[in-house]
Amino acid sequence: MSDIEADPDDTQSFIRLFLYANQIDIEGLVATTSIHMKNAIHPDSIRRIIDAYGKVQPNLALHEPGYPAAARLASLVRDGQPGYGMALVGSGRYTAGSRLIVEALERNDPRPLWVSVWGGANTLAQALHSLKESRSPEEVERLLARLRVYTISDQDDSGAWIRKTFPNLFYIVSPGGYGAGTWTGIHARIDGADNDVISNDWLHDHIQQGHGPLGAVYPDVAYGMEGDTPAYLSLIPNGLSNPERPDWGGWGGRYELYTPSRQMTDPSGFTGGVPIEAETRAIWTNATDNVTPLIHNDVGRAMVPGDRSYKDFRATLWRWRADFQNDFAARMDWSTKAYKDANHPPVVKLASPARMTVRGGQRFVLSAAGSTDPDGDNLSYYWFHYPEVGGWSSAITSGISPNIHTVDFTAPKVEAPKDAHFILAVTDKGSPPLTRYARVIVTIEP
Ligand SMILES: [Ca+2]
Ligand SMILES: [Ca+2]
């Protein structure tokens with residue numbers, strides 16, 4: 001759901017989304033309003049981007065299978081509620097967009113259905129209102145069990161209504177002002193983040209110019225690059241994220257489940273200090289990571305943690321910025337280049353189990369020996385403990401170089417069983433360098 005044309009950045013987000021249309025099964029593209037554009041919707045603008053995608057779809061298909069035909073995407077474009085907020089939600093106020101959401105929910109399909117909300121949410125509110133009118137409470141509960149919602153803050157008054165009326169809904173949001181949005185980690189110029197890869201110069205060189213018809217329609221940044229993209233970024237299957245677990249973290253940031261009765265693990269990071277307003281239900285919302293960016297050490301290109309750390313809720317997203325921007329650039333290359341002239345991501349293969357149980361004090365080995373790259377590129381490895389995830393929050397470091405595929409760690413002594421999450425980033429030396437991940441969950445027992 002997009003308030004496309006309220007800001008050029010929705011167009012940017014669609015262009016990136018379509019480059020992943022072989023990995024995310026798109027079921028609908030709905031034009032909506034928002035606080036920034038209360039009385040207009042622009043489905044034709046979505047169709048124009050699909051036209052550009054259609055010109056490059058055959059070339060994309062040279063690189064990975066599964067890219068849908070442009071006609072298929074065009075058939076999914078719908079008008080949402082034509083006006084602002086809850087005033088446009090009620091009996092008989094259904095639209096093609098709200099019906100599409102209802103139909104997708106009613107389809108007999110066990111997969112989670114994600115509604116990625118880039119503007120106001122009132123078309124989703126209308127879909128839920130229609131369901132509530134036509135179905136028993138038990139049926140509504142059953143259908144909503146596979147609905148997942150990520151909204152880019154609240155851009156109309158319907159988000160609060162949805163959360164109050166359907167308190168069990170899986171809902172990711174940073175309430176409060178835009179300054180509180182984890183999603184701002186994609187484009188905010190932040191000390192510690194890679195700010196080069198979000199500059200207009202970088203976009204010019206890697207996306208917009210000399211990259212064919214799809215890159216040519218990527219607009220310049222007006223207010224901020226792709227503020228809506230975080231609403232789907234963690235759905236890209238890269239080995240890092242598990243969309244069912246926003247608290248595990250991923251390209252789209254990390255979120256913890258807030259309930260009115262539960263204190264956040266770090267209240268200072270919660271909504272960036274903006275108090276949550278009368279939330280009466282559980283939401284997935286801001287979490288804090290302490291990030292130490294990697295730097296080149298004095299042994300060639302090896303990457304090691306630098307000496308500065310940054311603790312912030314936006315860091316849960318910006319920490320991956322170079323990785324997801326390089327991935328975007330490679331896919332834009334795919335839109336015009338032959339396979340041999342473009343880069344493709346490495347394939348991570350674990351040689352140790354993805355889940356293991358060890359005792360406190362025990363040494364254990366994590367290995368990705370056997371990882372490969374489809375282009376034959378040389379690979380760099382970086383294993384690290386993600387201390388904010390799982391029950392063990394003190395950093396566990398390896399005694400040996402992080403730049404090899406097989407490392408060992410020693411489990412800390414614990415009083416009760418604790419999970420520790422270890423992340424492996426494998427980066428190739430192609431151009432642009434591409435990264436894929438593995439996550440190993442180690443249960444540490446007393
Ligand atoms: Ca938007
Ligand atoms: Ca490669």
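Rank Gln325, Gln362, Gln126 by mean-square fluctuation in a GNM of the chain with C-alpha springs under 10 angstrom and give only the top-ranked residue.
Gln362
Per-residue accessible area for Trp114 at 1.4 Å probe radius, Å² rounded to 10?
Ignoring ligands and nucleic acids, Trp114 comes out at about 60 Å².
Check cross-link reach from Lys164 to the lysines: straight Cα distance under 28 Å, and skip same-chain residues fewer than eight apart.
Correct list for Lys164: Lys38, Lys132.
Percent of accessible area on region 9-286 owned by carbon and sulfur, 1.4 Å probe?
Summing carbon and sulfur atoms, their accessible area is 51 percent of the total for region 9-286.
Connecting C-alpha atoms closer than 10 Å in a GNM of the chain, tell me which of Met225, Met86, Met356 has the biggest fluctuation.
Met356
Counting residues in region 374-446 as N, plug N into 2.2 N^0.38 Å and put the Cα Rg over that result.
That ratio works out to 1.28.
Provide Tyr339, Tyr386 ordered by accessible surface of protein heavy atoms (probe 1.4 Å), highest first.
Descending order: Tyr339, Tyr386.
Let me test this: with uniform point scatterers at the alpha carbons of region 9-286, what is the Debye-based log₁₀ I(q)/I(0) at q = 0.12 1/Å?
For region 9-286, the Cα-only Debye profile gives -0.77.
Please list, or write none, the lysines whose alpha carbon is within less than 26 Å of the alpha carbon of Lys340, excluding same-chain residues fewer than 8 places away.
Cα-Cα hits under 26 Å: Lys55, Lys349, Lys429.
In square angstrom, what is the accessible area per residue of region 9-286 with a 1.4 angstrom probe?
That works out to 40 Å² for each residue.
Between Lys340 and Lys164, what FRET efficiency comes out of the Förster formula 1/(1 + (r/R0)^6) with R0 = 51 Å and r the beta carbon distance, rounded to 0.05?
Computed FRET efficiency for Lys164 and Lys340 comes out at 0.40.
Stretched out fully, how many nm does the piece from Lys413 to His296 gain, at 0.36 nm a residue minus the Cα gap?
Value of the extension gain: 38.9 nm.
Net charge within 11 Å of Asp428 by Cβ-Cβ distance, Lys/Arg positive one each and Asp/Glu negative one each, not counting Asp428 itself?
Result for the neighbourhood of Asp428: -1.
Quick check: net charge around Met356, other residues with Cβ under 14 Å of its Cβ, Lys/Arg +1 and Asp/Glu -1?
With Lys, Arg at +1 and Asp, Glu at -1, the net is +2.
Per-residue ellipticity at 222 nm for the chain, helices alone: DSSP H runs ≥ 4 residues times -39500 (n - 2.57), over residue total, nearest 500 deg cm²/dmol?
Taken over the chain, the calculation gives -6500 deg cm²/dmol.
Any idea what angle helix 122-134 forms with the longest principal axis of the chain, computed on alpha-carbon atoms, 0 to 90 degrees, nearest 10?
Tilt of helix 122-134: around 70 degrees.
Using label points projected 7 Å from each Cα along Cα→Cβ, tell me how many nm separate Asn378 and Asp247, to one decimal.
4.2 nm
Helix 321-334 versus the longest principal axis of the chain: what angle, 0 to 90°, nearest 10, using Cα atoms?
70 degrees
Taking a ≥ b ≥ c as the square roots of the eigenvalues of the Cα gyration tensor of region 62-123, is the shape rounded (a/c under 1.5), prolate (a/b larger than b/c) or oblate?
The shape class here is prolate.
Glu27: net charge of surrounding residues, Cβ under 11 Å, Lys/Arg +1, Asp/Glu -1, itself excluded?
Result for the neighbourhood of Glu27: +1.
Taking 0.36 nm per residue of separation and subtracting the Cα-Cα distance, what length does fully extending Asn200 through Ser136 add?
Length difference between fully extended and current span is 17.9 nm.
Most mobile of Leu76, Leu434, Leu235 per a Gaussian network model of the chain (Cα springs, under 10 Å)?
Largest GNM mean-square fluctuation: Leu76.
Over the heavy atoms of Lys337, what accessible area does a 1.4 Å probe trace out, to the nearest 10 Å²?
Around 80 Å² of this residue is reachable by solvent.
Note down the accessible area of Thr336, probe 1.4 Å, to the nearest 10 Å².
60 Å²
Determine, from the Cβ-Cβ distance of Arg308 and Ile400 and an R0 of 25 Å, the FRET efficiency 1/(1 + (r/R0)^6), rounded to the nearest 0.05.
The computed FRET efficiency comes out at 0.60.
The values are calculated or read from the model by the stated rules, or taken from the named source; none is laboratory data. Computed from a predicted structure; not experimentally measured. Because the Cβ atoms are built from the backbone with ideal geometry, glycine has one as well, and the counts that use them run over all protein chains shown. We work out accessible area using only protein heavy atoms, side chains counted, and drop any ligands, DNA or RNA first. Shrake-Rupley method; radii C 1.70, N 1.55, O 1.52, S 1.80 Å.
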